[in-house]
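Nothing in this text is a laboratory measurement; each read-out follows from the coordinates by a stated rule. It should be emphasised that the depicted structure is a prediction, and the values quoted were computed from it without experimental measurement. Note that each Cβ is placed from the backbone with ideal geometry, even for glycine, and that neighbours are counted across all protein chains shown.
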Amino acid sequence: MDAVNENVLPTQSFGPGSFTKLDLQQVPSPCFVVDEVKLRANLELLAEVGRASGAKVLSALKAFSMWRFAPLVSEYLDGVCTSGLWEARLAQKHYQASAQASAKNFEITTYCAAYKAQDMEEIKQLSEHIIFNSPEALQRFGTQVKNSCSIGLRLNPLHREGLVAKYDPCAPGSRLGTPVTRLAEVFETPELAQLVDGIHIHTLCEQDLLPLIRTWQALKPHLSPYFKHLKWINLGGGHHITRPDYDRSGLIRFLKDLAQETECQIYIEPGEAVALDAGVLVGEVLDVTYTPEHDPKGAYQVILDISATCHMPDVIEAPYRPALMHEVSAEARQAGEAFIWARFGGPSCLAGDQIGVYALAQVPNIGDRVAFLDQAHYSMVKTNTFNGVPLPSIALWSSQTQELELVKSFTWESFEERLS
Ligand SMILES: Cc1ncc(COP(=O)(O)O)c(C=O)c1O
């Protein structure tokens with residue numbers, strides 16, 4: 001294993017699917033290409049889980065918010081979950097509006113680790129559920145929003161299932177969710193207890209059913225004394241429901257039993273599962289060099305117009321190695337198929353803007369197109385404005401005169417415009 005590829009998470013892509021039929025020369029480069037057929041197939045599986053279990057299935061906009069597909073998402077699912085004001089606006093304008101046009105009930109749930117006071121009035125108008133991260137936030141905003149929406153509290157079950165601390169909201173020191181050990185403080189304080197209708201957890205990442213079951217088993221002893229207070233339980237995202245080997249019938253049984261046991265409406269809010277394997281990121285080869293004595297793998301250096309840091313930040317953050325269309329597989333290599341190693345990196349100046357080392361059938365030429373698989377979720381939103389977190393304004397200040405000029409502020413419209 002060389003320095004670039006050590007400690008990488010495995011890719012979760014199940015292959016290129018129909019993207020092998022895409023002519024990569026037909027799109028500009030770089031370009032995210034999303035297959036509406038695959039998206040619909042994923043949505044059908046998610047809707048079936050909802051229909052069969054009685055749970056409401058919300059699409060997490062933080063993972064995939066290409067709102068060109070809002071009518072399709074709202075045709076299949078019960079709502080969307082948003083991460084704050086900007087995504088909530090997107091949810092109402094595009095997703096809820098298209099559901100309403102076909103007289104369908106469609107819910108918007110908003111959870112943010114911390115809200116700005118100035119955003120609360122609008123968020124409460126836009127959302128059916130608002131979820132607070134802490135009893136402190138509940139205390140601060142609960143009364144203000146209670147008359148407009150149903151209130152939830154995010155819990156940290158203090159039960160770890162995550163493979164990587166960075167993606168594990170139950171890792172020590174996590175700021176996400178109220179530790180279950182504080183539940184009594186909330187439900188035994190009448191002013192707080194009367195505000196809360198629901199409980200939210202989000203502790204999984206690309207996981208199957210068993211981690212969810214184990215999480216519930218860990219949470220239940222803490223929560224069961226308070227079932228009577230609750231109208232709904234939201235199990236967050238991280239459920240890899242649309243992958244071929246996910247135990248969907250087990251999930252349906254689990255969700256049904258949970259609703260019966262708690263007498264609550266159950267919600268799940270998958271993000272990645274909505275767009276799993278539904279998009280690729282197409283790029284172009286800009287330069288190829290070969291100095292094998294300087295490369296731990298004797299690889300060709302291939303510089304692309306795709307940058308890990310700008311277009312696929314999870315490649316560096318996770319880190320993980322995105323699957324590449326037409327890579328020579330390990331089995332083919334073992335069977336003696338000819339290949340060369342190519343180290344792909346971006347055009348930016350960051351030394352770590354490296355995507356991975358790939359086995360190619362031949363040395364690439366300048367102008368060749370490549371496609372990284374499973375890029376519709378997270379890469380696309382992170383290339384823009386993740387979670388709808390507004391971009392910082394830019395100001396000019398003179399330390400001599402104290403004169404201040406606001407040079408640029410980024411509007412919600414600029415966020416909306418960038419997503420589709
Ligand atoms: C609160 C919450 N809900 C839902 C999701 C969606 O998770 P996933 O895309 O892994 O299904 C996330 C992802 O971070 C989240 O933080």
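When the helices in the chain are scored as -39500 (n - 2.57) per DSSP H run of 4 or longer and the sum is shared across all residues, what 222 nm value do you end up with, to the nearest 500 deg cm²/dmol?
That calculation yields -7500 deg cm²/dmol at 222 nm.
Hey, in the GNM for the chain with a 10 angstrom Cα cutoff, which one of 166, 56, 21 fluctuates hardest?
Most flexible of the set in this elastic network: 21.
How big is the chain by Rg and Dmax over its Cα atoms, in Å?
23.1, 72
Helix 209-223 against the longest principal axis of the chain: what's the angle in degrees, Cα atoms only, rounded to the nearest 10?
In the chain, helix 209-223 runs at an angle near 30 degrees to the longest axis.
Starting from a Cα-only point model with no solvent, please compute log10 I(q)/I(0) by Debye for region 36-275 at q = 0.07, 0.10 1/Å.
Cα-only, vacuum Debye calculation for region 36-275: -0.20, -0.43.
Quick one: check the C-alpha center-to-center distance for region 236-251 versus region 178-192, whole angstrom.
That distance is 31 Å.
Grab the other residues whose beta carbon is less than 13 angstrom from that of residue 420, score K and R as +1, D and E as -1, and report the net.
Surrounding charge for residue 420 is 0.
What is the local net charge at residue 40, summed over the other residues whose Cβ is closer than 15 Å to its Cβ (Lys, Arg +1; Asp, Glu -1)?
Result for the neighbourhood of residue 40: -4.
In this model, which of 93/116; 124/408; 21/297 are farther than 25 Å apart at the alpha-carbon?
Violating the 25 Å limit, Cα to Cα: 124/408; 21/297.
Roughly how far apart, in whole Å, are the Cα centres of region 119-143 and region 259-286?
25 Å
Using Cα pairs under 8 angstrom and six or more residues apart, how large is the relative contact order of region 36-275, in percent?
Contact order relative to length: 22 percent.
What's the angle, to the nearest 10 degrees (0 to 90), between helix 135-146's Cα axis and the longest principal axis of the chain?
Approximately 70 degrees, to the nearest ten.
Express as a percent, rounded to the nearest 5, the fraction of DSSP beta bridges in region 36-275 (both residues included) that run antiparallel.
0 percent
In whole angstrom, note down how far apart the Cα centers of region 319-359 and region 149-169 are.
Comparing the Cα centres of region 319-359 and region 149-169, I get a distance of 34 Å.
So, by mean Cβ neighbours within 10 angstrom, what's the order for 60-72, 128-140, 357-369 with the highest one leading?
Sorting 60-72, 128-140, 357-369 by mean packing, highest first, produces 60-72, 128-140, 357-369.
In the neighborhood of residue 106, defined by Cβ-to-Cβ distances under 14 Å, what is the net charge if each Lys or Arg adds +1 and each Asp or Glu adds -1?
Value of the local net charge: -2.
Over the alpha carbons of region 206-266, what is the largest minus smallest coordinate on each principal axis, giving the biggest first in Å?
Over region 206-266, Cα extents along the principal axes are 37, 18, 15 Å.
Mind checking the angle between helix 248-262 and the chain's longest principal axis? C-alpha axes, 0 to 90 degrees, to the nearest 10.
So the helix axis and the longest Cα principal axis differ by about 20 degrees.
I need the peptides 278-287, 189-198 ranked by packing, meaning the mean over residues of other C-beta atoms within 10 angstrom, with the highest value on top.
278-287, 189-198
Assuming 0.36 nm per residue, please report the length gained on full extension of the stretch residue 121 to residue 194 beyond their Cα-Cα distance.
24.2 nm
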